[in-house]
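This structure is in structure tokens; I'll ask about it shortly.
The numbers here are math on the coordinates, done by the rules we state, and not lab data. Model, not experiment: these values are computed from the prediction. Backbone-built Cβ (ideal geometry, glycine too); neighbour counts: all protein chains shown.
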Amino acid sequence: MPELPEVEVVRSGLQAWASEVQVAEHPIERVDVLHPRAVRRAEVDLRTHLVGARVRWVSRRGKYLWLPLVGSDSALVAHLGMSGQLLLVPVESPDERHLRIRIRFEGLTRELRFADQRTFGGLMTGALIPDGSGGHLPEQVAHIARDPLDPLLDLDATVHRIRSKDVQIKRVLLDQAVLSGIGNIYADEALWRARIHGRRPARSLPRAEVVGLIEHVRQVMRQALAQGGTSFDALYVNVNGSSGYFERSLQAYGREGEPCERCGSPIRRERFMNRSSYLCPRCQRPPRRR
DNA sequence: CATAGATCCTGTATGC
DNA sequence: TGCATACAGGATCTAT
């Protein structure tokens, strides 16, 4: 499921293509929407907005991607949801089974395709607004906090916000308005590394422990990024359709019953927030009374 | 306002 | 073999 490292792999793949073909010189000539659900928050028809527009570059915050358009103060915004893929493929390639949106550029041999099996993801256009630090971001992303790999992340403020929440720490990690880009997989990995049980109240954690947790989030995400991200199946792929291989490096997520790599205790799976959490019952002690 | 829970969606895996 | 059910989970909406 695409979290920050997987989305960043997609961003950098798109950006490499954008630079290589000088995409800003090739207006969008055609947009096909094959599934209405793939277009989100469409005040203006996606086709109307995009045809004739030119893409400047590819940006990201947390799990959101966006492509600012030349001279329009707006951007094409993408969220991959659970199973979304952004693919760059030759225009003559047959449609993917779950192809939802096709964007073709004048004079380019490859087109941008959005495919999405579970249709939780989508494309949309959004006005660009100031981000408070001299940059811009789409209105739909305004409520998303900076992510752990953002050089402008305010660590002190983030730690303070985390510790001010009256909820369990894993819930806070998954809150994109506090620290973005973290999903179920990297939340479990970082908590395992930090030896913190996800049900512990955020405000009970000493400051240093929260600082350490964020540092573990950063490390695991950097390592995953270096290996092209995590993918359990063909659902998550980069723009060329190939998978990352961080899955083999996971130490908690998906390892129910397998020995903890630190202490040997079997990794346990628990239900949490209507999904699964994987943790070491020995390294990650639960709070006294949940 | 803050927090908790339901909901959307489809392919795959599992159980009877 | 076939049908039913569980499961995967990010973001958004609704309820408390």
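Under a point spin-label approximation (7 Å from Cα along Cα-to-Cβ), what is the A:E29-A:R248 distance to one decimal in nm?
Distance between the two pseudo-spin positions: 4.3 nm.
What does the helix-only formula give at 222 nm for chain A: each DSSP H stretch with n ≥ 4 adding -39500 (n - 2.57), the total divided by the residues, and the result rounded to the nearest 500 deg cm²/dmol?
Numbers: 6 runs with 69 residues, N = 290.
For chain A, the value works out to -7500 deg cm²/dmol.
Would you kindly state how much longer the chain becomes between A:S265 and A:E20 on full extension, computed as 0.36 nm times their sequence separation minus their alpha carbon distance, in nm to one decimal? Kindly include the intermediate steps, with their values, before the conclusion.
Details: separation 245, 0.36 × 245 = 88.20 nm, distance 4.93 nm.
Here the segment from A:S265 to A:E20 would lengthen by 83.3 nm.
On to the next question. Determine the gain in length on full extension of the stretch A:R203-A:A177; use 0.36 nm per residue of separation and subtract their C-alpha separation, reporting nm with one decimal. Display every interim value, and only then the final one.
Working: separation 26, 0.36 × 26 = 9.36 nm, distance 1.71 nm.
Going from the current span to full extension adds 7.6 nm.
Compute the Cα gyration tensor for the range A:151-290, then decide on rounded, prolate or oblate, letting a ≥ b ≥ c be the square roots of its eigenvalues: rounded whenever a/c is under 1.5, prolate when a/b is larger than b/c in the other cases, and oblate in all that remain. Please list the in-between numbers first.
Details: a/c = 1.85, a/b = 1.20, b/c = 1.54.
Here the range A:151-290 falls in the oblate category.
Next up: Return the distance in nm (one decimal) between the two label points of a simple spin-label model at A:N240 and A:N274, each offset 7 Å from Cα along Cα→Cβ.
Using points 7 Å along Cα→Cβ, the separation is 3.8 nm.
Quick one: which residues, 5+ away or cross-chain, put their amide H under 5 Å from the amide H of A:H136? H built at 1.01 Å from N.
When sequence neighbours closer than 5 places are left aside, the close amide H contacts are A:D131.
Run the numbers for A:M82 and A:D45: contour at 0.36 nm per residue of separation, minus the present Cα-Cα distance, in nm.
On the way: separation 37, 0.36 × 37 = 13.32 nm, distance 2.40 nm.
Here the segment from A:M82 to A:D45 would lengthen by 10.9 nm.
For chain A, just say rounded, prolate or oblate: build the C-alpha gyration tensor, square-root its eigenvalues into a ≥ b ≥ c, call rounded for a/c under 1.5, and beyond that prolate if a/b exceeds b/c, oblate if not. Spell out each step's value before the answer.
Values: a/c = 2.36, a/b = 1.72, b/c = 1.37.
Prolate, because a/c is 1.5 or more and a/b exceeds b/c.
Oh, and also: Using the Kyte-Doolittle scale, find the helices of chain A whose mean hydropathy is at least -1.0 and whose Cα atoms extend 24 Å or more along the helix's long axis, counting only whole DSSP H runs.
Flagged H segments are A:4-21, A:207-226.
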